[in-house]
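Below is one structure, written out as structure tokens; the observations come after it.
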Amino acid sequence: MSAPAIGGVQVARGNGATIRLPRGASLSDFADRIGANPASLVQIMLHLGEMVTATQSVNEETLQLLGAELDYNIQVVSPEEEDRELLEAFDIEFGEDEGDEADLAARPPVVTVMGHVDHGKTKLLDAIRKTNVVAREAGGITQHIGAYQVSAEHEGEERRITFIDTPGHEAFTAMRARGAKSTDIAVLVVAADDGVKPQTIEALNHAQAAEVPVVVAVNKVDKEGADPNKVRAQLTEYGLVAEEYGGSTLFVDISAKNGTGIDQLLEAILLTADAELDLRANPTMDAQGIAIEAHLDKGRGPVATVLVQRGTLRVGDSIVCGEAFGRVRAMLDDNGDAVEEATPSRPVLVMGLTAVPSAGDNFIVVTDDRMARQIAQQRAARKRSADMAKSSRRRTLEELFSDLEKGRVDELKLIIKGDVSGSVEALEDALLKIDVGDEVRLRVLHRAVGAITEYDVNLAVADDNAVIIGFNVRPEPRARDLAEREGVDIRYYSVIYQAIEEIEAALKGMLKPEFEEVQMGTAEVREVFKVPKIGNVAGSLVRSGVIVRNSKARVIRDGVVIADNLTVSSLRRFKDDATEVREGFECGIGVGYNDIRLDDVIETFEMREKPRV
Ligand code: GDP
């Protein structure tokens, strides 16, 4: 075999062959694919400077490094791709409408309401629901199932709009962090008396990153001091230019409290959908979609609100949703009415699942229960190994140090949660004042009052490497579990000064270490010996300091460095090996440089890390 030894180990090289590995694969998995012994891969990694065990999940970089060393082209497969492949094995294609153009029918837009806290997202979602009495059947009791549908008159036509009823961008971020697309249009709520705020921008960033068109609802126009035009002016800076200013974004002035402007807002949503999107789906295929919300109901068992994205979901269908599966026993709409079938963009509460899926899981109708169970089980197995990989992938504050040292990261991202707004602000201010020069930066992704939520953790996941700071607050149980699963670092403090000290230390750790040369000793060459196998050795007298074996060395002749980057590879006192020889003593020094001459000076030194002050 064409197998040069790497670190003394023989492994067949790949000659550029491609191998596919799941994210979080171990060296054992790698060895499996190339028919090598896992132990030899461990040894090669050791040679490359990383200590990993054979069965431990390693990150993509490590796989790539090993691949490059062995001349394999490594393709790390994402969980989404892996899932797609899993489904393909069952002859299922998720996310595609079957058939051709003729099979597609228009579907309602799905809307998420986002914006800064207290700007009126919840109130708006309530107001929209209330004004839409038409759609509600007599006697129906409003149910909060996580999404609802309303109807609106548009150009003489009755049109439907689906609203995701989990205010804030929590759900949106959670789903995006998992690569799921649930939303067609985002309504950005901005209070006219408060203007654009940090979370407004954050929400906008999320929408823009997901390439979702935005309609701006300028809320609270009933309030004294409301300045809707200021909101328009402010948002132009972020690329949202109102139609009346020559842009393409629709701004609608509303009062969620008084219920004014709601019809115009619905109209603006439909106009935007028609102008910018082609919302069509095949209603005749087996249903597919996404879970928006799910929980364990005391009486009904696991229930999940799903959004049908294509096809028609019917009672009796066998479905798989994430790692849950089952047969649809019954479906309820947002009025609490039983539904027999749900067409595209329709949200329904599904009963009959074996377990509670997660928000963002996809659901698929499959041929029978057996297939549903098989898919669910395979997903569960894959998730377990992916989870293990993830916890090794994310970094703790301490680990960031080494990442930064290697130049992989130069920014520390924080999410700050605190008990009162005063402390959050004070902490943020103080942290941003830490001066560590230009090499590393500190960025606060999000700050808010209250417990650490799943949203915070998801944000940390979406922005790889973000660390969450809890100042006198703790995570909600579900957030804690999620953080544990995802390996997100949460730090708790109750004293500001302590938090600052630790973050400062971390940031300093992040600075690429600076090394300085420290001279250790000099020796004068008195004689040159030829030693078999080693080469020329300098019989020397140590003039200053101490000559230490394995230290770095250079050779100086008449005050000029004539050889550098040498190492004291052999050091002898008379016939014996020595580890160090002090000033005033004679010794034989080998530095692997053959042209050594009488009266040369050998200078030895070491590189020491300069402490940061
Ligand atoms: P969210 O945090 O964005 O969901 O905000 P909420 O919907 O909870 O609203 C925050 C506060 O603003 C509540 O006290 C609402 O009653 C109030 N609010 C919401 N919309 C309006 C409005 O149009 N006018 C006025 N005056 N107050 C509003």
_Residue under question is Ser182, and the condition is that it be at pLDDT below 85 and touching a strand residue (DSSP E or B) at 6+ places or on another chain (Cβ under 6 Å); does it hold?_
yes
*Taking only pairs six or more apart or across chains, which ones have beta-carbon atoms under 9 Å, a first residue in the range 104-121 that is touching a residue at least 12 places away in the same chain (Cβ under 8 Å), and a second residue that is more than 13 Å from the ligand (Cβ to nearest atom) and among the aromatic types (Phe, Trp, Tyr)?*
Val110/Phe163; Val111/Phe163; Thr112/Phe163; Thr112/Phe172; Val113/Phe163; Met114/Phe172
*Do you know which residues across the range 197-236 are β-branched (Val, Ile, Thr) and either farther than 25 Å from Val449 by Cβ or within 14 Å of the ligand (Cβ to nearest atom) (or both)?*
Thr200, Val212, Val214, Val215, Val216, Val218, Val221, Val231, Thr236
*Name the strands (runs of 3 or more DSSP E) wholly within the range 274-368 that hold at least 1 residues that are under 30 Å from Thr249 (Cβ atoms) and touching a residue at least 60 places away in the same chain (Cβ under 8 Å)?*
288-297, 301-310, 347-353
*With a cut-off of at least 3 residues that are away from the ligand (no atom under 16 Å from the Cβ), name the helices (runs of 4 or more DSSP H) lying wholly within the range 30-132.*
38-47, 60-70, 79-89
*asked:* Out of everything in the range 461-519 that is modelled with pLDDT of 75 or more, in a loop (DSSP other than H, G, I, E, B) and more than 17 Å from the chain's Cα centre (by Cα), what residue ends up being farthest from Phe605 (Cα to Cα)?
replied: Glu476
*Quick check: anything in the range 255-270 part of a loop (DSSP other than H, G, I, E, B), closer than 12 Å to Val216 by Cα and polar (S, T, N, Q)?*
no
*Can you give me the number of residues within the range 10-27 that are in contact with a Ser or Thr (Cβ under 9 Å, 6 or more places away or on another chain) and either of a type in the set (D, E, K, R) or assigned to a loop (DSSP other than H, G, I, E, B) (or both)?*
7
_Between Glu267, Glu224, Glu243, which is acidic (Asp, Glu) and surrounded by 17 or more Cβ atoms within 10 Å (Cβ to Cβ)?_
Glu267
*Those residues of the range 297-323 which are of a type in the set (Gly, Ala, Ser) and surrounded by fewer than 22 Cβ atoms within 10 Å (Cβ to Cβ), in sequence order*: Gly299, Gly301, Gly316, Ser318
*Give the range 527-556 a look and list any residue that's touching an Asp or Glu at 6+ places or on another chain (Cβ under 9 Å) and not in a strand (DSSP E or B), or say none.*
Arg549, Ser551
*Looking only at the range 486-502, which residues are crowded, with 16+ Cβ neighbours inside 10 Å and of a type outside the set (Ser, Thr, Tyr)?*
Glu486, Gly487, Val488, Asp489, Ile490, Arg491, Ile496, Ala499, Ile500
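Starting from residues that are of a type in the set (A, V, I, L, M) and buried (at least 20 other Cβ atoms within 10 Å of the Cβ), keep the ones in the range 287-296 and report whichever is farthest from the chain's Cα centre (by Cα).
Filtering the range 287-296 down to residues of a type in the set (A, V, I, L, M) leaves 287, 290-292, 294, 296.
Going one step further and asking which of them are buried (at least 20 other Cβ atoms within 10 Å of the Cβ), we end up with 287, 290-292, 294.
Numbers: Ala287: 30, Ile290: 21, Ala291: 21, Ile292: 20, Ala294: 23 Å.
Result: Ala287.
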_Given the options Thr284, Thr249, Thr272, name the one that is more than 16 Å from the ligand (Cβ to nearest atom), among the polar types (S, T, N, Q), within 30 Å of Ala102 (Cα to Cα) and crowded, with 20+ Cβ neighbours inside 10 Å._
Thr272
_Number of positions in the range 202-234 that are closer than 20 Å to Tyr245 by Cα and in contact with a Phe, Trp or Tyr (Cβ under 7 Å, 6 or more places away or on another chain)_ = 4
*If we keep just the residues of the range 334-359 that are small (Gly, Ala, Ser) and at pLDDT below 90, which is surrounded by the fewest Cβ atoms within 10 Å (Cβ to Cβ)?*
Gly336
*Would you mind telling me which numbered condition in (1) modelled with pLDDT under 90; (2) in a helix (DSSP H, G or I) Ala372 fails?*
(1)
*Picking from Val424, Val409, which residue would you name as being farther than 22 Å from Asp481 by Cβ, at pLDDT 55 or above and either in the same structural domain as Glu202 (by TED's automatic domain parsing) or in a loop (DSSP other than H, G, I, E, B) (or both)?*
Val409
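The values are calculated or read from the model by the stated rules, or taken from the named source; none is laboratory data. Since the model is a prediction, treat every value here as computed from it, not as a measurement. Cβ coordinates were reconstructed from backbone atoms using ideal geometry, including for glycine residues, and neighbour counts include every protein chain displayed.
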